[in-house]
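**Q** Let me give you the structure first, and then I'll get to my questions.
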Amino acid sequence: MNAIRHTPGDGTVEIVGDVDGGEVRVTVADGCGGIPEDDLPRVFDVAFRGEAARSPGGGAGLGLAIARGIVEAHAGRIGVANAGPGCRFEIRLPV
Ligand SMILES: Nc1ncnc2c1ncn2[C@@H]1O[C@H](COP(=O)(O)OP(=O)(O)OP(=O)(O)O)[C@@H](O)[C@H]1O
Ligand SMILES: [Mg+2]
């Protein structure tokens, strides 16, 4: 939902699942224009929301905190980096 919300209508959201280095990997790459570097380490914090102009839709800032909680409860990791026309979230879980 984040990726769709932050990508222009003529942009692309790409979701890929594969196995890499003995881990299941799921990536979500979007066309959001990039997340400000200062915000990147904070997007998984409870109640963190980016600047209002960059965060349409009135969310609660909980989605990624919940995602991180679920992934880590399964001994996995979740991260994000800017890539191409947007950002790329990566989830890794033990097979
Ligand atoms: N794909 C993305 N592109 C750009 N910014 C993002 C993206 N995903 C998250 N963010 C930034 O991280 C913030 C936190 O995301 P998160 O999903 O936790 O909360 P939310 O989407 O604001 O609200 P909720 O998920 O609770 O409805 C967002 O408000 C936004 O600023
Ligand atoms: Mg969200």
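**Q** Sort through 60, 75, 53 and tell me the only one that's over 23 Å from residue 8 (Cβ atoms), more than 12 Å from the chain's Cα centre (by Cα) and at pLDDT below 95. Walk me through it before giving the result.
**A** Details: 75 fails: at pLDDT below 95; 53 fails: over 23 Å from residue 8 (Cβ atoms).
Testing whether each residue is over 23 Å from residue 8 (Cβ atoms), more than 12 Å from the chain's Cα centre (by Cα) and at pLDDT below 95 leaves just 60.
**Q** Give me the pairs, please: first residue somewhere in the stretch 59-88 and in a loop (DSSP other than H, G, I, E, B), second residue anywhere and within 16 Å of ligand 2 (Cβ to nearest atom) and of a type in the set (Val, Ile, Thr), beta-carbon distance under 6 Å, and either six or more positions apart or on two chains.
**A** Close Cβ pairs (under 6 Å, with a partner that is within 16 Å of ligand 2 (Cβ to nearest atom) and of a type in the set (Val, Ile, Thr)) do not exist here.
**Q** Would it be correct to say that residue 45 is closer than 18 Å to residue 76 by Cα, within 16 Å of ligand 2 (Cβ to nearest atom) and under 13 Å from the mean Cα position of the chain (by Cα)?
**A** Numbers: closer than 18 Å to residue 76 by Cα: yes; within 16 Å of ligand 2 (Cβ to nearest atom): yes; under 13 Å from the mean Cα position of the chain (by Cα): yes.
Yes.
**Q** Taking the stated definitions as given, is residue 42 farther than 19 Å from residue 7 by Cα, at pLDDT 95 or above, surrounded by 15 or more Cβ atoms within 10 Å (Cβ to Cβ) and not acidic (Asp, Glu)?
**A** Values: farther than 19 Å from residue 7 by Cα: yes; at pLDDT 95 or above: yes; surrounded by 15 or more Cβ atoms within 10 Å (Cβ to Cβ): no; not acidic (Asp, Glu): yes.
It is false that residue 42 is farther than 19 Å from residue 7 by Cα, at pLDDT 95 or above, surrounded by 15 or more Cβ atoms within 10 Å (Cβ to Cβ) and not acidic (Asp, Glu).
**Q** Residues in the stretch 21-28: is at least one assigned to a loop (DSSP other than H, G, I, E, B), surrounded by 14 or more Cβ atoms within 10 Å (Cβ to Cβ) and touching a helix residue (DSSP H, G or I) at 6+ places or on another chain (Cβ under 9 Å)? Outline the logic, then answer.
**A** The initial filter retains those residues of the stretch 21-28 that are assigned to a loop (DSSP other than H, G, I, E, B), namely 21-22.
Next, from what is left, pick out any that are surrounded by 14 or more Cβ atoms within 10 Å (Cβ to Cβ): none.
Within the stretch 21-28 (the criterion being assigned to a loop (DSSP other than H, G, I, E, B), surrounded by 14 or more Cβ atoms within 10 Å (Cβ to Cβ) and touching a helix residue (DSSP H, G or I) at 6+ places or on another chain (Cβ under 9 Å)), the answer is no, since none of the residues qualifies.
The values are calculated or read from the model by the stated rules, or taken from the named source; none is laboratory data. All of these numbers come straight from a predicted model, not from anything done at the bench. Don't worry about glycine lacking a Cβ; one is built from the backbone with ideal geometry, like all the others, and counts go over all protein chains shown.
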